[in-house]
Amino acid sequence: MSIPDHRLVVQINWTDVEGYTAWDQPYADWVGANLISVDVQRAAFHKSVRGETCTVEIADPGYLIRPLKASSPLWPNVRLHRRIRVLKRVSPGVFKAVFFGYLTNIKPDPVAISPPRVTLTAESPLAVLARRKVEVDEFNNTPVWVGESSNTGHGILARVMEQTGLIGTNTLQFENVGNQRIIGTWGGGTSEVGTLLEQMVGATGCVVSCEPIVQSAPGELNFVLKWYLPLGNEAPTVTWHNIDRTLEATSTLTIDYNDTREA
């Protein structure tokens, strides 16, 4: 699969096909002058869940990205929840994934005509997962293993993720966390995934986040769900802005916690 040779590439999977070749479909690539701005915001806090959102403003001179325009060659595939990714070129032919997620808003600009513009908003898979509800067993005063670095298929995190239907154990990644567990009563009944994740990270002091990956061959993933222990000097909120197509030209770091144990 070839990726356009630009410093920044936004690709949209209009046909919603899981296979990697869908990134090669017509009108999937938005590069160069068609990209007005890209804003990727990531937030992470100690003992919390790390998620991200992406806002892309696109110049659409052909009025292609119009959900109700039946004459558009993209019709009827301009829909919410389509996959979108942002790739940054790090060297000739080599790209890193800056964002992968799902469209949550498609907003054509009713005023801009030179050129016509559309603003797309997307959320990471973690944000989508957080709203799903799953059934979990109740554990009473017995150690509940969240996960093991040596066995990503073991523990309550794997059980919860598999029930979502979006993530399997091959998508989980534990990094330098050892065997994390919860002591006491946990689970029971139906709960939102976001609530369960917050309980897990709150009990273990870890962070869970979605990390995008450049899917470029069959069988490869678009992201991994990463479980890790943050460093004491890690900035929990990082914002990347792209204006004039220079991603990460400026970054804003904001410390939103004060944990004396990490000092």
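The values are calculated or read from the model by the stated rules, or taken from the named source; none is laboratory data. Being a predicted model, the structure only gives us computed values, none of them experimental. Note that we place each Cβ from the backbone using ideal geometry, even for glycine, and neighbour counts take in every protein chain shown.
Points to keep in mind about this one:
- Summed over the stretch 85-133, the residues that are at pLDDT below 85, buried (at least 16 other Cβ atoms within 10 Å of the Cβ) and either among the β-branched types (Val, Ile, Thr) or assigned to a strand (DSSP E or B) (or both) give a count of 1.
- Matching residues, the stretch 1-40, being small (Gly, Ala, Ser), more than 20 Å from the chain's Cα centre (by Cα) and not in a loop (DSSP other than H, G, I, E, B): 32, 33
- Test: residue in the stretch 162-183 that is assigned to a helix (DSSP H, G or I), at pLDDT 70 or above and either surrounded by 17 or more Cβ atoms within 10 Å (Cβ to Cβ) or within 16 Å of the chain's Cα centre (by Cα) (or both): yes
- Set 37, 114, 2: member being over 24 Å from residue 213 (Cα atoms) and among the hydroxyl-bearing types (Ser, Thr, Tyr): 114
- Odd one out for residue 55 among (1) in a strand (DSSP E or B); (2) crowded, with 17+ Cβ neighbours inside 10 Å: (2)
- Contact map, the stretch 64-78: residues that are assigned by TED's automatic domain parsing to the domain that holds residue 119 paired with residues that are among the basic types (Lys, Arg) and surrounded by 11 or more Cβ atoms within 10 Å (Cβ to Cβ), Cβ distance under 9 Å, separation 6+ or inter-chain. Pairs shown: 67/79; 72/66; 74/66; 75/66; 75/69; 78/66; 78/69.
- Positions within the stretch 70-84 being under 20 Å from residue 123 (Cβ atoms) and surrounded by fewer than 16 Cβ atoms within 10 Å (Cβ to Cβ), in sequence order: 79, 80, 81
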